[in-house]
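Computed from the coordinates by the stated procedures, all read-outs in this text should not be read as laboratory data. What you see is a predicted model; the values in this text were computed from it and never measured. Cβ sites come from the backbone with ideal geometry, for glycine too, and all protein chains shown count toward neighbours.
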Amino acid sequence: GAADKGGWSSFMAKEISEQPDAIGNTLRGRLVDGHVDIPELTELGEPRLREVDRIIIIACGTASYAGMIGAYAIEQWARVPVQVELSHEFRYRDPVLTDRTMVISVSQSGETMDTLMAVKYAIERGVTTVSVCNTQSATIPRESDAAVYTHAGPEVAVASTKAFVAQITALYLIGLHLGRVRGTLAADAEAEAVRQFETLPEKMAEAVATHEQIAQLAHWMADTRSVLFLGRHVGYPAALEGALKLKEIAYIHAEGFAAGELKHGPIALIDHGQPVFVLVPSPRTSPLMHAKVVSNIQEIRARGARVIAIVEKGDTAVLPYTDDVVRLPLSDALFDPILQVVPLQWFALELSTAKGLDVDQPRNLAKSVTVE
Ligand code: G6P
C-alpha cells in the first residue's frame, strides 16, 4: 500500500531517494583504517587472490551495466584484465577458463536463471566464483565460492535503481581489496578512493535533489518518441543504463552510445529537435575527455540536437552549446557515473508518469526472470 512507499508515489521513486543509504550501507564495515577490507574475499585465501590472471563479470540487464562500470575500476586498481559478458552469451561459446580465472556474477535478486546457469557452468570449469548480490541467501550467492552482498535493502520496483549504485559500490570495493592484496594499488590512489567513498552518500543526496528540475524537463518532453544518451569511459555504461530505464518504464525508444563512436554512425540519427542527454566528464579530473565530449556536443548541436548536459558544478564550457544543464557535485572520474545516473533514473520515472504508465510494474517485464 501507499504506506510501504513512504509517502512516495511509487516504489521506484522511494528507491531512487534511498540511494544515499544504499551506498552507505554497502560500505558499512568495509572501510577500515583507510583501507578496504572484505572478509568474504579474505576467506578465499590471499594466494588465490594474487594468482587471479583474468576476471570475467557476468550479469544481465542493469546489473551488466554496473559490471561494465566496475570493470574500469577493477582494472585500474588491481591491474587484472577484466571482461564483461552477458550471462546468456558467456556459456554458449566455450570461453577460455582456467583455475586462475575469477568469475564475478552481479545480480540483485540472486535468482536470475541466465546468471545462475552461467555461474554453475563456471563452477564446473573450476574457476573461482564471487557473487555480488542484494538478496541474502539467494541461490547464486549460495552456489558461489564467496558472496559480497550489497546492502541496498529490498528493491520492489521492476526497474533497478538503488541496487545498481550498490552494485557499482561493491565492485569498486572488490577492486580496491584485490589491488591491496596484489600490491598494485598505490597508497595515494587508495586514500583518494576511500575519501571519495566517505563523501559519496552526501553527494548522492544532492544528485537525488535534481528531481524537481528533471520533473519539469520531463513535463516539457512528455511526447518525446526517441532519446539518445552519450557518455565516455565510465559514462558510457551509465548512458546505456539511462537508455534502458527509458525503454523499460516509459516505453520510449532510447539508445546509449559511446560519445567517441558518434562520428562512426549514430550521428546520422541527429535531426532537428532530437533530444540527447550527454554525460559530461569533469573538466578538473578528466580535461582531455571533457574537451572531446564538448566537441561532440558542438557537433550534434550544429545538427539540431536538443542537448541536455549532465555536468559537474562549475563547468561553464558546455553552457553555450546546451539547452538544459543538470549540475552535480564535484567528484572523481571513476565515481561520476554513480551520481550521473540519478537524474537519468528520475527522467525515466517522470516520463513514465507523464504518460500515465505504471512505473513499478512495466508491461512484459518481471523483477526477477527465473527462466532461461
Ligand atoms: C530483469 C529485470 C531487470 C534486471 C535484470 C537482472 O530483467 O527486469 O531490471 O536488471 O532482470 O536482474 P538481477 O536480479 O539478476 O540483477
Listed residues Ile16, Ile55; which is β-branched (Val, Ile, Thr), within 16 Å of the ligand (Cβ to nearest atom) and not in a loop (DSSP other than H, G, I, E, B)?
Ile16
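Any residue at all in region 112-125 that's acidic (Asp, Glu), within 20 Å of Leu178 (Cβ to Cβ) and more than 11 Å from the ligand (Cβ to nearest atom)? Talk me through it step by step, then tell me what you get.
So the first thing to find is which residues in region 112-125 are acidic (Asp, Glu), and the list is 114, 124.
Filter once more, so that each one left must be within 20 Å of Leu178 (Cβ to Cβ): none.
No, there is no match, as no residue in region 112-125 is acidic (Asp, Glu), within 20 Å of Leu178 (Cβ to Cβ) and more than 11 Å from the ligand (Cβ to nearest atom).
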Going through (1) surrounded by 21 or more Cβ atoms within 10 Å (Cβ to Cβ); (2) over 12 Å from the mean Cα position of the chain (by Cα) one by one, Gln216 fails only at (1)
Any idea which of (1) assigned to a loop (DSSP other than H, G, I, E, B); (2) under 28 Å from Ser282 (Cβ atoms) is the one Asp223 doesn't satisfy?
(2)
Could you list all residues from region 105-129 that are of a type in the set (A, V, I, L, M), under 19 Å from Leu41 (Cα atoms) and in contact with a helix residue (DSSP H, G or I) (Cβ under 7 Å, 6 or more places away or on another chain)?
Val106, Val119, Ile123
Per the filter on region 330-347, residues more than 13 Å from Val280 (Cβ to Cβ), assigned to a helix (DSSP H, G or I) and not aliphatic (A, V, I, L, M) are Phe335, Gln345, Trp346, Phe347
Of the candidates Ala66, Ala13, the one satisfying the condition of being under 24 Å from Leu116 (Cα atoms) and crowded, with 16+ Cβ neighbours inside 10 Å is Ala66
Hits in region 226-257 (condition: out of contact with any Phe, Trp or Tyr (no Cβ under 8 Å at 6 or more places or on another chain), farther than 22 Å from Ala163 by Cα and either part of a helix (DSSP H, G or I) or not small (Gly, Ala, Ser) (or both)):
Arg232, Ile252, His253
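Rundown of residues vs (1) in contact (Cβ under 8 Å) with a residue 60 or more places away in the chain; (2) more than 22 Å from Thr62 (Cα to Cα), yes/no style:
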site	(1), (2)
Ala209	no, yes
Val234	yes, no
Leu262	no, yes
Pro266	no, yes
Phe277	yes, no
Lys292	yes, yes
Lone qualifier among Val148, Val103 - being under 24 Å from Asp53 (Cβ atoms), outside any helix (DSSP H, G or I) and under 18 Å from the mean Cα position of the chain (by Cα):
Val148
The lone exception for Ala191 - which of (1) in contact (Cβ under 8 Å) with a residue 24 or more places away in the chain; (2) touching a helix residue (DSSP H, G or I) at 6+ places or on another chain (Cβ under 9 Å); (3) not hydroxyl-bearing (Ser, Thr, Tyr) it fails
(2)
Quick count over region 58-72, residues being farther than 20 Å from Thr128 by Cα, more than 8 Å from the chain's Cα centre (by Cα) and within 14 Å of the ligand (Cβ to nearest atom), is 1
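Residues checked against (1) more than 9 Å from the ligand (Cβ to nearest atom); (2) more than 19 Å from Glu372 (Cβ to Cβ):
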site: Ser107; (1), (2): no, no
site: Thr128; (1), (2): yes, yes
site: Gln136; (1), (2): yes, yes
site: Glu143; (1), (2): yes, no
site: Gly153; (1), (2): yes, yes
site: Ala170; (1), (2): yes, yes
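State all residues of region 349-372 that are within 12 Å of the ligand (Cβ to nearest atom) and either surrounded by 16 or more Cβ atoms within 10 Å (Cβ to Cβ) or touching a residue at least 12 places away in the same chain (Cβ under 8 Å) (or both); if no residue qualifies, say none. Step through it out loud before you land on a result.
Here is the first cut: in region 349-372, the residues within 12 Å of the ligand (Cβ to nearest atom) are 360-371.
Passing the criteria: Asp360, Gln361, Pro362, Arg363, Leu365, Ala366, Lys367, Ser368, Val369, Thr370, Val371.
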